[in-house]
Structures are given as structure tokens and as C-alpha cells.
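A.B. asks: Below is the structure I would like to discuss, written out as C-alpha cells.
Derivation of every value follows stated rules applied to the coordinates shown; laboratory data play no part. Model, not experiment: these values are computed from the prediction. In this analysis, Cβ positions are derived from the backbone assuming ideal geometry, glycine residues included, and neighbour counts consider all displayed protein chains.
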Amino acid sequence: MTKQRQALGLLGERIAARWLKRDGWEIVAHRFRSGHRDLDLVVRRDQEVAFVEVKARRDCQFGSPVEAVHARKRRELSRSACVWMDRFGSPNLTYRFDVIGVVVSEGRVKVRHVADAFPVSGMF
């Protein structure tokens with residue numbers, strides 16, 4: 001990954017974190033690593049934990065950033081979430097997967113937050 005893409009990814013994660021904080025979420029973890037996989041953000045509000053995948057783009061030429069979270073990525077996120085839950089989870093909490101797409105173009109930022117972006121059934 002190039003330094004430019006890495007910088008864009010970090011910018012997208014910072015924007016997403018601010019977006020979530022304004023909506024009442026607490027950032028529990030940023031870039032939680034599990035082997036070669038990671039969870040961009042783990043956030044909590046009351047008794048709910050969301051595992052958040054952030055996709056940042058400069059434009060939508062190749063589709064919306066949210067559409068980039070395909071089946072293989074979902075499986076990887078599920079595996080990482082299971083590791084996080086084994087280490088830090090609680091049976092009193094509910095869990096979900098969110099995706100946040102960030103488009104940064106010409107000094108403008110567009111954010112699309114998809115709550116419950118894909119099901120968690122079958123993994124817990």
C-alpha cells in the first residue's frame with residue numbers, strides 16, 4: 001500500500017471516529033489487530049458494541065466506498081470481531097457491524113454511515 005493510500009485511510013478513520021463521537025459513541029479501540037487482520041474502529045454506546053469498517057476514497061469512480069466491503073472482507077471482519085469478543089467482550093453486550101464510507105474530494109468530505117451493514121448471525 002502506498003503512503004498516500006495509507007494517509008487517506010487514516011484520514012478516513014479520524015473522520016469516522018469524530019462522526020461516531022458526535023453521535024454518542026465511545027471509541028474503544030482503533031486498528032485492533034488480530035494476526036494480519038484488523039478492525040478499523042470498535043465503538044460502544046450503552047450496551048451495544050459496533051465493529052466499524054471504514055472505507056475512504058477520493059471519488060466514487062469505481063463505486064461507493066461502502067460497496068467495497070465484500071464477502072471475503074466480511075468474513076475477515078467476523079473473525080477479528082470474534083477475537084476481540086473473546087478478549088474483551090461480555091454476554092451483556094449486543095454486537096453489530098457498521099460500515100462508514102468517506103469520500104474526500106476537492107476539500108469536501110461526504111460521510112455515509114451504514115449501521116447494521118451486514119448480519120452477525122451465526123458467528124456468536
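A.B. asks: In the stretch 91-114, whose amide N lies under 17 Å from the spot 7 Å out along Cα-to-Cβ of Ala68? List them in ranges.
C.D. replies: Residues 98-114 fall inside that zone.
A.B. asks: Follow-up. Could you give the angle, 0 to 90 degrees to the nearest 10, between helix 3-22's Cα long axis and the longest principal axis of the Cα atoms of the chain?
C.D. replies: 60 degrees
A.B. asks: What spacing in nm lies between the two simple spin-label points modelled at Val114 and Arg5, each 7 Å away from Cα in the Cβ direction?
C.D. replies: 2.0 nm
A.B. asks: Working from Cα positions, state the angle (0 to 90°, nearest 10) between the long axis of helix 71-88 and the longest principal axis of the chain.
C.D. replies: Taking Cα atoms only, the helix is inclined about 50 degrees.
A.B. asks: Ok, one more. Report the net charge of residues surrounding Gly35, where surrounding means a beta-carbon distance below 10 angstrom and charges are Lys +1, Arg +1, Asp -1, Glu -1.
C.D. replies: +1
A.B. asks: Can I ask one more? Rounded to whole Å and ordered largest first, report the semi-axes of the equivalent ellipsoid of the stretch 3-118 derived from its Cα gyration tensor (root of 5λ). Walk me through the intermediate numbers first.
C.D. replies: Numbers: eigenvalues 111, 48, 31 Å².
Semi-axes, largest first: 24, 16, 13 Å.
A.B. asks: Show me the ranking of peptides 73-81, 86-94, 100-108 by mean Cβ neighbours inside 10 Å, starting with the highest. Intermediate results must be reported in sequence, preceding the final value.
C.D. replies: Details: 73-81: 18.0, 86-94: 10.0, 100-108: 15.4.
Per-residue mean Cβ counts within 10 Å order the peptides as 73-81, 100-108, 86-94.
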